[in-house]
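One structure is given here, and the rest of the page talks about it.
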Amino acid sequence: MRDAIIPIGGTRPPPPENQCNLCKRTVPPPQLTRCPRCKKLYCKSCITEDLREGEHLICLNCARRYVAPKPAFKGKYTPITLYLSNKAKWTRWVRLQFSQIEGILGNDLPASAHKNPEWWTNRNSVHAKAWQSIGWSIKEVNLKEKTVTFTRPNVLTPEKESKPKKASSLVKLPAYKPRKKKPPSLTRIAIAQARLQNVSRRKASMKKHRGKFRPKSAYEKRLWKTDEKP
């Protein structure tokens, strides 16, 4: 009788290193890229650029979670909460028909909502918390016309504190003071005197010629020959 071999780490064997974890296609290992989030290997077709940072490549599973994240809570009356929260940006009251509310919810209202007005005014119910949690309340319920009016009475615009304006006084500029000329330093004076002495020594060392005779410089000798004139 053979002994049963149980693999370590569970009954499912680990995927091979040359297989994509999403499309299950077998490709050479150098063509696989590891996702920095889920730490799994994917082929080039199942990997895309990170929309948050843009520096790394992530798999399509992690990109889908970022583009379409799952809502934190999901109830029957959650759509009406989202609808009123969007309406709160530009209005303080909304009048809806029962048919419009059913279209927002994607489901029919209970029979008591069409017959009993207390269904709307009950503050301890689950459906009432859908609009009370974001600051809305029921102002009027008309069962004949099948309409409900939502308001936000607790929301008040903060009054801006009016600060007293100060009397504008003329700006007094400081009096102009010319800069004092600083005397040159002894080091600069010594350098200037040394340069003047060098110039005078160079002039004294040059040969003096009578008349208009002037010998050609080495630069002129390189340009023209002796029998040519510039």
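Brief remarks follow.
- Three-way shape call for the stretch 78-151 based on the alpha-carbon gyration tensor, with the a/c threshold at 1.5: rounded
- Per-residue Karplus couplings for the stretch 94-99, computed as 6.51 cos²θ - 1.76 cosθ + 1.60 with θ equal to phi - 60°, are listed in order as 9, 10, 10, 8, 4, 5 Hz, Gly and Pro entered as x.
- Note on His114, His127: ascending count of other Cβ atoms within 10 Å places them as His114, His127, the fewest first.
- Calculated FRET value between Glu49 and Lys146, using beta carbons and R₀ = 41 Å, to 0.05: 0.25
- For the stretch 39-44, putting each phi into the Karplus relation 6.51 cos²θ - 1.76 cosθ + 1.60 with θ = phi - 60° gives couplings of 6, 10, 8, 9, 7, 5 Hz, in residue order, rounded to whole numbers and with x for Gly and Pro.
- Shown for Trp90, Trp119, Trp131: other C-beta atoms within 10 Å of each C-beta, ranked fewest to most, produce the order Trp90, Trp119, Trp131.
- The gain in end-to-end length when the Val27 to Asn122 segment is fully stretched comes to 28.0 nm, 0.36 nm per residue minus the alpha carbon separation.
- Contour excess over end-to-end distance, with Cα ends at Arg188 and Ser205 and 0.36 nm allotted per residue: 3.5 nm
- With a simple spin-label model that places each label point 7 Å from the Cα along the Cα-to-Cβ direction, the separation between Ser99 and Arg222 comes to 10.2 nm.
Readers should treat all values here as calculations from the given coordinates under stated rules, not as data from a laboratory. Predicted, not measured: the structure shown is a model, and the values here were computed from it. Cβ coordinates were reconstructed from backbone atoms using ideal geometry, including for glycine residues, and neighbour counts include every protein chain displayed.
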